[in-house]
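K.L.:
Let me begin by handing over the structure; questions about it come next.
Where a number appears in this text, it was derived from the coordinates with a stated rule and is not lab data. If you're wondering where the values come from, they're calculated on a predicted model, not measured in any experiment. Here the Cβ positions follow ideal geometry from the backbone for every residue, glycine too, while neighbour counts run over all protein chains shown.
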Amino acid sequence: MSEQYMGSCLCGAVNYQMEGPLKYFQYCHCSRCQKVTGTAHAANIFVPPERFQWLTGEDQLGRFEHPEAKYYATSFCKQCGSNMPWLVQGGGNVVVPAGSLDQDPGIRPSSSLFWADRACWYTEPKELPKFDGMPVKK
Ligand SMILES: [Zn+2]
Ligand SMILES: [Zn+2]
């Protein structure tokens, strides 16, 4: 039996599951992903549509298809605004925002796409000091 992976939005209205093996995991730094995520890059896992299934809240999903894009679309929970998995225009893959997963997907990012378009302020995490929570004020 293959591995099952579950995911959900912040408010819990939308839940999904998918079945491994997952295809690949990439960061995308393109300008569209910056806008949609509100941050430096998307962290996307690709899975074939036949191995992806909505469990609850499919009727709570909004979708936006970029008019100039061949594949790009976005999906989000209408209650809490979390980015949710989306079927690419044309239907070849479901793109799953890795942050929406409720567990370890087992695979790790293999590349950063649209690196040339990365935000001018992007700083690689390895260059930043790390805190396990909020830094303690002294
Ligand atoms: Zn939600
Ligand atoms: Zn992108």
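K.L.:
Label the range 11-69 by shape, choosing from rounded, prolate and oblate, from the square roots a ≥ b ≥ c of the eigenvalues of the Cα gyration tensor; if a/c is under 1.5 it is rounded, and otherwise prolate applies when a/b is larger than b/c, oblate when it is not.
P.N.:
It is oblate, given that a/c is not under 1.5 and a/b is not larger than b/c.
K.L.:
For labels at residue 134 and residue 87 in the simple 7 Å Cα→Cβ model, what's the distance in nm?
P.N.:
4.2 nm
K.L.:
Taking the Cα centre of the chain as the origin and placing charges on Cβ (Lys, Arg +1; Asp, Glu -1), which of 76, 135, 62 is farthest toward the positive end of the dipole?
P.N.:
135
K.L.:
Which FRET efficiency, nearest 0.05, do residue 2 and residue 56 yield, Cβ-Cβ r, R0 35 Å?
P.N.:
0.95
K.L.:
Helix-only mean residue ellipticity at 222 nm, the chain, DSSP H runs n ≥ 4 weighted -39,500 (n - 2.57), per residue, nearest 500. What is it?
P.N.:
Mean residue ellipticity at 222 nm (helix-derived): -1500 deg cm²/dmol.
K.L.:
Quote the charge dipole size of the chain about the Cα centre in Debye, to the nearest 20; the model charges only the Cβ of Lys and Arg (+1) and of Asp and Glu (-1).
P.N.:
On the way: 13 positive and 13 negative charges, 100 e Å.
With Lys and Arg at +1 and Asp and Glu at -1, about 480 debye.
K.L.:
Could you sort 63-71, 7-15 so that the peptide with the highest average Cβ count within 10 Å comes first and the rest follow in order? Each step should come with its number before you reach the end.
P.N.:
Details: 63-71: 10.7, 7-15: 18.9.
Top to bottom by mean Cβ count within 10 Å: 7-15, 63-71.
K.L.:
What nm value, rounded to one decimal, do you get for the distance between residue 121 and residue 104 when each label is placed 7 Å out toward the C-beta?
P.N.:
Roughly 3.3 nm, to one decimal.
K.L.:
Between 53, 93, 114, whose Cα lies farthest towards the positive end of the dipole of the chain when Lys and Arg beta carbons carry +1 and Asp and Glu beta carbons carry -1, centred on the Cα centre?
P.N.:
The one lying farthest along the dipole's positive direction is 114.
K.L.:
Could I ask something else about it? What lysines could a cross-link reach from residue 78, if we take a straight Cα to Cα line under 19 Å and drop same-chain neighbours fewer than 8 places away?
P.N.:
Answer for residue 78, where 19 Å is the Cα cut-off: 35, listed by chain and number.
K.L.:
Let me check against my output: what whole-number percent is the relative contact order of the chain, with C-alpha pairs under 8 Å and at least 6 apart?
P.N.:
Contact order relative to length: 29 percent.
K.L.:
Ranking 18, 6 by Cβ neighbours within 10 Å, fewest first, what do you get?
P.N.:
Details: 18 23, 6 13.
By the 10 Å Cβ count, ascending: 6, 18.
K.L.:
How far apart, in nm, are two points set 7 Å out from the Cα along the Cα-to-Cβ line at residue 111 and at residue 24?
P.N.:
If labels sit at residue 111 and residue 24, their model points lie 0.5 nm apart.
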